[in-house]
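**Student:** Let me begin by handing over the structure; questions about it come next.
The values are calculated or read from the model by the stated rules, or taken from the named source; none is laboratory data. Note that the coordinates shown come from a computational prediction; the quantities given were computed from them, not determined experimentally. Neighbour counts run over all protein chains shown; Cβ positions are idealised from the backbone, glycine included.
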Amino acid sequence: MDEDFEKPVLHRIETPPFYAAAASIRVLDSYGGLRINGKAQVLDTQGEVIPGLYAGGEASGGGSQHGIGRASVHGYIAGTYAAQERSA
Ligand SMILES: Cc1cc2nc3c(=O)[nH]c(=O)nc-3n(C[C@H](O)[C@H](O)[C@H](O)COP(=O)(O)OP(=O)(O)OC[C@H]3O[C@@H](n4cnc5c(N)ncnc54)[C@H](O)[C@@H]3O)c2cc1C
């Protein structure tokens, strides 16, 4: 048992030479977030549109896409509909 981390010891590292590498953690993407419709309008907990509020990319939940493509497409859609809403 590794007493420091309260984990069972799976592999003992006992024989030199020993090597180490620094590693850091980054949040690559998120699959949770605000619920949006096909116009990137944010929906409330009842599924109703919140007027004038748009979201996309990592701020939005659902879907199976991630990354810059998702963020760019959502931004394009949100910007298009927000501009239409403003000029209507
Ligand atoms: C290490 C790493 C590697 C990646 N590699 C790839 C890759 O190869 N290909 C790919 O497609 N995707 C990659 N991604 C994912 C991609 O970077 C993200 O999915 C994308 O940038 C999300 O865009 P976004 O606009 O939704 O969010 P973000 O890029 O996070 O933009 C959000 C912006 O909002 C700003 N902000 C936050 N809070 C506030 C506030 N209160 N007021 C005003 N501004 C605020 C932030 O400063 C930020 O500029 C990678 C991500 C990481 C971390």
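Okay, residues lined up against (1) within 14 Å of the ligand (Cβ to nearest atom); (2) assigned to a helix (DSSP H, G or I); (3) surrounded by 10 or more Cβ atoms within 10 Å (Cβ to Cβ):
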| position | (1), (2), (3) |
| --- | --- |
| 4 | no, no, no |
| 12 | no, no, no |
| 27 | yes, no, no |
| 45 | no, no, no |
| 63 | yes, no, yes |
| 80 | no, yes, yes |
| 85 | no, yes, yes |
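**Student:** Does residue 27 count as of a type outside the set (Asp, Glu) and modelled with pLDDT of 95 or more?
**Tutor:** no
**Student:** Name the residues in segment 47-56 that are within 15 Å of residue 85 (Cβ to Cβ) and either exposed (fewer than 13 other Cβ atoms within 10 Å of the Cβ) or more than 14 Å from the chain's Cα centre (by Cα) (or both), would you?
**Tutor:** Passing the criteria: 49, 50, 51, 52, 53, 54.
**Student:** Next question. Hey, any hits in segment 49-59 for a residue that's among the hydrophobic types (A, V, I, L, M, F, W, C), away from the ligand (no atom under 11 Å from the Cβ) and in contact (Cβ under 8 Å) with a residue 40 or more places away in the chain?
**Tutor:** no
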